[in-house]
């Protein structure tokens, strides 16, 4: 793998503006062949990827670890993890990309599914996953009636299978991201993002300086801690606009804003359009 002082953050869809689709599925060949079967290390701030390899092989780079890829196998790539691949020519399989919005909708807190998926891993391909990935790919391309609902349901099944495989593959005593300072910060953000707490409050609760907290967050995701707090608020705002009938004003109050107009400005700055236009565009694309 090539080394670089700069880690690129790629946007496939829906990361900087509107959510273009429920999820994204493509063959490994589709993108890899354009780059001579080598994808240089990069990361996605708000996307989780599952790669289902059915033939061929190669080598992965997952946060500096370089496991060999021997199909059939599953590659779990959590958001924020630096990853790259060198595939053998003609490697077969699919790349399934899930947004944080979809994961938030599908995986309820406390169900235990998120934690096993927090670590990057190369795992034996679970029984039934190849058929499920192929069905997801066909449904993604078909554009049939009820497509979004089918994609969400298939994605939930695929994610549950991946979490089951990841949990089985994690040996007792192996430290996961749940024990790190960054994960503790993520847990606090998840608990309190509706309260609009200043970053200094998070740093005080973690017994570190705001400068150190920013450094840790930047190492993990390429973004400062304050941006991650704001991103979590925007994630929830997008989720509520996509999956509920709440008005923009109701969402503003739900997320701790005293002024709906202020919320609208924050949302527009973060996504490229105000809430009303975001929802109208979703309705138009459905």
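The values are calculated or read from the model by the stated rules, or taken from the named source; none is laboratory data. This one's a predicted model, so the numbers in the text were calculated from it and none came from an experiment. Cβ coordinates were reconstructed from backbone atoms using ideal geometry, including for glycine residues, and neighbour counts include every protein chain displayed.
Here are the numbers for this structure:
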{"read-out": "Breaking point among (1) within 21 Å of residue 231 (Cβ to Cβ); (2) touching a helix residue (DSSP H, G or I) at 6+ places or on another chain (Cβ under 6 Å), for residue 271", "value": "(2)"}
{"read-out": "Failed condition for residue 231, given (1) in contact (Cβ under 8 Å) with a residue 60 or more places away in the chain; (2) in contact with a strand residue (DSSP E or B) (Cβ under 8 Å, 6 or more places away or on another chain)", "value": "(2)"}
{"read-out": "Residue among 151, 195, 188 that alone is modelled with pLDDT under 95, surrounded by 13 or more Cβ atoms within 10 Å (Cβ to Cβ) and either farther than 30 Å from residue 51 by Cα or in the same structural domain as residue 253 (by TED's automatic domain parsing) (or both)", "value": "188"}
{"read-out": "Lone qualifier among 15, 26, 59 - being surrounded by fewer than 21 Cβ atoms within 10 Å (Cβ to Cβ), under 23 Å from residue 147 (Cα atoms) and modelled with pLDDT of 95 or more", "value": "26"}
{"read-out": "Meets criteria (more than 25 Å from residue 62 (Cα to Cα), in the same structural domain as residue 63 (by TED's automatic domain parsing) and touching a helix residue (DSSP H, G or I) at 6+ places or on another chain (Cβ under 9 Å)) for residue 141", "value": "no"}
{"read-out": "Number of the condition not met by residue 259 [criteria: (1) surrounded by 14 or more Cβ atoms within 10 Å (Cβ to Cβ); (2) farther than 30 Å from residue 82 by Cα]", "value": "(1)"}
{"read-out": "Among residues of the stretch 252-286, those that are assigned to a helix (DSSP H, G or I) and farther than 25 Å from residue 44 by Cβ, counted", "value": "13"}
